[in-house]
Amino acid sequence: MSIISDAVDEMEKKLAGSGCDHGVVALSKSSENDICPFLEGVCLEASYGGKRIFIATSYPLDVKTRVSFMYGQELNSPVQRTAACAILNSLSSFICFPRISGACPEGCGEKCLEELIDETAGRKVYLNGTMPSLRKKLEDRIVSDPQSADIIIVSGDGLFSDEGLEICDRYKDKKEMLFYAPATSALANMLNLRHWCPYGRK
């Protein structure tokens, strides 16, 4: 079991008897490029019940699948984990749990960054995921080993990749973690973990 599997289990419990998990989610690469300005990756759109959400990923896919595909599965590949998190986000948006559907409006990125700089002041930070722009902005506090970090910031790719997920699972009860940007919002909500995307679109 992984942190993603735990979130899927929680979603399954919340949806029990609702019929929502019989619906189909459409996943596809989006030309809208609606991703956090401090991340890199492909913009992936997930749509369900008329709601559309967008996440950044290095593992895009194009498929239609039932919500229940992820129940009880090992989710062993980065593509499967990307799909699971996108589905979690689309269902959460549809049911109005965290409701973050995409990156912040233009102009809000710098405010978010200023607040994140204040939040991590005086602390050693490990970035778990694909965040080169954020790495440059926080370079005075970045460490190369999660063991030496005071806080681990996790983007979507920090959940999707084998190495990133292993770091999350190893340190989830040992280190403070901050889940970052839209891709991680539903997982954080399901598991009552800290999430950072203060200006993300609802």
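The values are calculated or read from the model by the stated rules, or taken from the named source; none is laboratory data. Here the structure is a predicted model, which means the values were calculated and not measured. Quick reminder, even Gly has a Cβ in these numbers, built from the backbone with ideal geometry, and neighbours come from all protein chains shown. These accessible areas exclude ligands, DNA and RNA; they are computed on the full protein's heavy atoms, side chains included. Shrake-Rupley method; radii C 1.70, N 1.55, O 1.52, S 1.80 Å.
Looking at the stretch 140-170, which of its residues are of a type in the set (S, T, N, Q) and open to solvent by 30 Å² or more (accessible area, probe 1.4 Å)?
Those that are of a type in the set (S, T, N, Q) and open to solvent by 30 Å² or more (accessible area, probe 1.4 Å): Ser144, Gln147, Ser148.
Looking only at residues that are assigned to a helix (DSSP H, G or I) and in contact (Cβ under 8 Å) with a residue 60 or more places away in the chain in the stretch 125-139, which one is least open to solvent (accessible area, probe 1.4 Å)?
Leu134
Pull up the stretch 88-97, narrow it to residues that are farther than 16 Å from His195 by Cα and either of a type in the set (Asp, Glu) or crowded, with 22+ Cβ neighbours inside 10 Å (or both), then point me to the one that is farthest from the chain's Cα centre (by Cα).
Result: Leu91.
Looking at the stretch 1-76, what strands (runs of 3 or more DSSP E) fall wholly within it and have at least 2 residues that are on the phi < 0 side of the Ramachandran plot and among the polar types (S, T, N, Q)?
In the stretch 1-76, no matching strands (runs of 3 or more DSSP E) lie anywhere.
Can you go through Ser18, Ser47, Ser5 and tell me which one is closer than 19 Å to Ile100 by Cα, among the polar types (S, T, N, Q) and open to solvent by less than 70 Å² (accessible area, probe 1.4 Å)?
Step by step, each of Ser18, Ser47, Ser5 is checked, and only Ser47 is closer than 19 Å to Ile100 by Cα, among the polar types (S, T, N, Q) and open to solvent by less than 70 Å² (accessible area, probe 1.4 Å).
For the stretch 183-199, name all the residues that are touching a residue at least 60 places away in the same chain (Cβ under 8 Å) and either open to solvent by 10 Å² or more (accessible area, probe 1.4 Å) or hydrophobic (A, V, I, L, M, F, W, C) (or both).
Matches in the stretch 183-199: Ala183, Ala186, Leu187, Ala188, Asn189, Met190, Leu191, His195, Trp196, Cys197, Pro198, Tyr199.
Condition (residue is in contact with a strand residue (DSSP E or B) (Cβ under 7 Å, 6 or more places away or on another chain), in contact (Cβ under 8 Å) with a residue 60 or more places away in the chain and part of a loop (DSSP other than H, G, I, E, B)) applied to the stretch 148-161: is it met by at least one residue?
yes
Look at Ser68 and say whether it is of a type in the set (Gly, Ala, Ser) and either touching a Gly at 6+ places or on another chain (Cβ under 8 Å) or modelled with pLDDT of 95 or more (or both).
The answer is no for Ser68.
If I filter the stretch 52-64 for residues that are outside the structural domain of Asp157 (by the TED database), of a type in the set (Phe, Trp, Tyr), more than 14 Å from the chain's Cα centre (by Cα) and surrounded by 15 or more Cβ atoms within 10 Å (Cβ to Cβ), do I get at least one hit?
Within the stretch 52-64, not a single residue is outside the structural domain of Asp157 (by the TED database), of a type in the set (Phe, Trp, Tyr), more than 14 Å from the chain's Cα centre (by Cα) and surrounded by 15 or more Cβ atoms within 10 Å (Cβ to Cβ).
For residues in the stretch 98-124 being under 14 Å from Asp140 (Cα atoms) and in a loop (DSSP other than H, G, I, E, B), which is least open to solvent (accessible area, probe 1.4 Å)?
Thr120
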